[in-house]
1. Relative to the longest principal Cα axis of the chain, at what angle does helix 189-219 sit, 0 to 90 degrees, rounded to 10?
2. Taking H placed 1.01 Å from N in the peptide plane, check which residues at least 5 places from Tyr101 or on another chain put their amide H under 5 Å from its amide H.
3. Report, largest value first, the span of the C-alpha coordinates of region 104-148 along each principal axis, in whole Å.
4. Need one number: the % of Cα-Cα pairs in region 78-231 sitting beyond the 28 Å mark.
5. I need to check one value: relative contact order of the chain, counting alpha carbon pairs closer than 8 Å and at least 6 residues apart, in percent.
6. Please compute one quarter of the surface area of the Cα convex hull for region 67-121 and express it in square nanometres.
7. Going by alpha carbons, how many degrees (0 to 90, nearest 10) lie between the helix axis of 139-167 and the longest principal axis of the chain?
8. For region 438-569, which whole percent of the accessible surface, found with a 1.4 angstrom probe, sits on carbon and sulfur atoms?
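The values are calculated or read from the model by the stated rules, or taken from the named source; none is laboratory data. Values in this document were obtained by computation on a predicted structure and should not be read as measured data. In this analysis, Cβ positions are derived from the backbone assuming ideal geometry, glycine residues included, and neighbour counts consider all displayed protein chains. Note: accessible area is taken over every heavy atom of the protein model, side chains too, but ligands, DNA and RNA are not part of it. Shrake-Rupley method; radii C 1.70, N 1.55, O 1.52, S 1.80 Å.
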Amino acid sequence: MATPRQIQGWPARWLEARATTPARALAIGAGLALAVALLLLPLSFVQRYQWNLATGLVFVLAWCLPTRWWPWLAGGTIVSRIAMGVVIGERSGYHGGFLAYWADPLQFVLGNVAEPFLVMTGAFLLQGWQVHPGVRVGMRTEGKVHLAALVSSLAVTLKDLAYVLNEGFVADVKLAVVVGPHPLRGEGAWALLGEFATMHVLGNMIGILLLTPLVLWLFAPRPLSPSARVLGWALALMAPAMALFVVLSLQFPTSEFAELLRRLLVAVIAAFTMWHGWRGAVVSMQMLTAAVALEVWLGLPMLTPILLQTYLVVTGTMMLLFGGSVDDYRQQAADLLHARRRELRLLAELQDAALRNLQLEEAERRRLARELHDEFGQNLAALQTHLKLAAPHLAVSGRPGMSDLLLELTRTMQRNISRVLGDLRPAGLEQLGLFGELDRGSIRRLVDDAGLALDVRLEGDARLLAELDATHSTAIYRMAQESMTNIVRHAGATRCLLRIRINRRNGALWVFLDIRDDGNGRLERLSPGNGLTGMRDRVLALNGALHLRQLSPGLRLHLLVRQDGVAPQ
């Protein structure tokens, strides 16, 4: 059985699913060989070596099928070539000494047996490169297809060279009749062989490159835009351009204007490829090949067959690779857009989670503050009352100073609890507001006790401060408090500026907090433990930004916080 690596696309899966027994596999293989022979016979009858579609069909079938079916494919190809050899011999009046229609066994092998195996070399390369029908088409995929097509074309052409060298003349075949035989004698033999080889390489390339893109399109994953849209625009734009080319060739058969139009068609195809990507290049090349084939059939082109083949191969290769690169770019752009949207969604979820954590933290702080105030405050007040009542008894017992000492301890406990309460729930925010608490609250007392000159400034519309909710006000205050605490403890500064600016933009409140000092702080000496982690967490939760900048001397901390969904009052 074929390995999973070999089974790619529904043709291979269809065959493998039905070849469950040796008898069924034999019947399917015989049917495959017969179908191949019936397909190749009419195709070989009507083609010329400038447009070797039979080579392209064998290449495509070998590419699509697992290697276990290749002997049947080769058998059908050999049968069709033998039958075609008989037809050509009868119509051309040629009879030989081997099987009545071939000169010798070598001619029989070169003409009938060797070709399918040589064509399969390129298909084998594609399977080894994991390029199967159904892969996403891009410039890399298309480049590998072109390289495999070139390998098969060269292999078949080398076989054809051996055939004509054995036969002794070069000829073309039209409708199963040998025409234009040229003996390989004299000084022009090498030039004749070179022309023959070039035309065969290009003809095989054209045959393969005409069919492989269609298979890739047929089995490709769902594209970004529907295929019907590409085909519709091709019929609306490219078909008239090709028809105009043929009409002008009929009207001016010897004019260079038709050749100019042939070159302009390349620009039209390039523009269509830029618009519709690789599929635009495929449908354009099919139409261009059909137009040139019609021109050749009518006997109109001024170019030689080699130049026409070169025109098709070069144009087709460039446009297919260009279309693959366009699709790669668009796929990368779509992937980046998807990743960006996912990043924004994850960032929004992270910010929501950080905001909920911040709100839970503040709620827990308020709960602890209430319990400390209600429990410890009342107990301390009761303790002080009892100590005052017990003071005369302590004096009578010979310990008059004990009551004063205990009362002082309770006062110290009250001050400590008040400080803790202030850290847990800054009451000044409710009484003085954000700016008042920053200018006259605990931060002012902290810097005054440290001997630090603090300048607090408010810019913007001060009335907007009242629109800040408790979460944002508290977070801004705590970040300013943490920053000032770090300056007092670590910076060794003598002066500090705290500037707050608030304004409204696009329905949101924007608060800028700018803190500067003249201390000896250095950015490279800062560690995450210096309060920066907590500030960054708060900034993330509030959909803001935090920036640190080195001054000379000192540091600058710039905080930006946004509050959404605030309607102007």
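1. With both axes taken from Cα atoms, the answer is about 50 degrees.
2. Gly96
3. Ordered largest first, region 104-148 gives principal extents of 46, 14, 13 Å.
4. 34 percent
5. 10 percent
6. 3.8 nm²
7. 20 degrees
8. Its accessible area is 47 percent carbon and sulfur atoms.
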